[in-house]
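To start, the structure itself, in structure tokens.
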Amino acid sequence: MNLTKKSSYGLIAALELAAASDTAPRSATSIAKRYSLPVSFIEKILHELRHAGLVSSKQGRTGGYFLVRSPEDISVRNVLEALGESLDLVGCLTSSSHCELTDCCPTKGAWQHIDQRFKSLLDSLSLQSLLDSGLESSN
């Protein structure tokens, strides 16, 4: 597993939308400017989140992006998977992987256990819980 800038920026964008869930939609430009990120990259990320059903958009002068569910109902795992990130810690845990040690590997069980706990942690962290705990960076 190797999380990319896309996942980091995607989580930033999702947290921005979560923080604005009671106010007006946020534009890709406003999110990008706040964190000095490329606008086109944020637009692409928001499009992927919209395609995955986590975000919707509103056209017009007061338009922008907003979450379609409450921040309590969107987990970090939801965001990362919506962006196509692989969350498998090691390659042998994927169904498409072929490893010569599959039948006799002494560490596969440990990796499966660690992988399960990691994904459970990502499921337990909602956007709202990140906002409430102050784990997101304040600028």
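Read-outs: derived from the displayed coordinates by stated rules, not from any lab. Keep in mind that this is a model prediction, so the values were computed, not measured. Backbone-built Cβ (ideal geometry, glycine too); neighbour counts: all protein chains shown.
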Practice item. Calculate one ³J(HN,Hα) per residue across segment 119-126 by plugging θ = phi - 60° into the Karplus curve 6.51 cos²θ - 1.76 cosθ + 1.60, and present them in order as whole Hz with x for glycine and proline. Key: 5, 5, 4, 4, 5, 7, 8, 8
Revision key, fill the gap. The extension gain from T29 to S70, computed as 0.36 nm times the residue separation minus the Cα-Cα distance, is 12.5 nm
Exercise for review: Describe numerically, in nm with one decimal, the distance between label points set 7 Å from Cα along Cα→Cβ at D22 and at S36.
Suggested key: 3.1
Check your understanding: In the neighborhood of I74, defined by Cβ-to-Cβ distances under 12 Å, what is the net charge if each Lys or Arg adds +1 and each Asp or Glu adds -1?
Key -> -2
Exercise for review: Could you tell me which of L101, S57, L121 has its Cα farthest along the dipole of the chain towards the positive end, charges placed at Cβ (Lys, Arg +1; Asp, Glu -1), taken about the Cα centre?
Suggested key: S57
Exercise for review: Pop a pseudo-label 7 angstrom from the Cα along the beta-carbon direction at both L101 and D88 and give the gap in nm to one decimal.
Suggested key: 1.6
Check your understanding: Pairs K58/K119; K5/K58; K6/K108; K6/K33; K5/K44: which are spaced more than 21 Å apart, C-alpha to C-alpha?
Key -> K58/K119; K5/K58; K6/K108
Check your understanding: Which parts of segment 13-50 would a label at S129 reach, counting a residue when its backbone N lies under 18 Å from a point 7 Å out along Cα-to-Cβ?
Key -> 14-16, 18-19
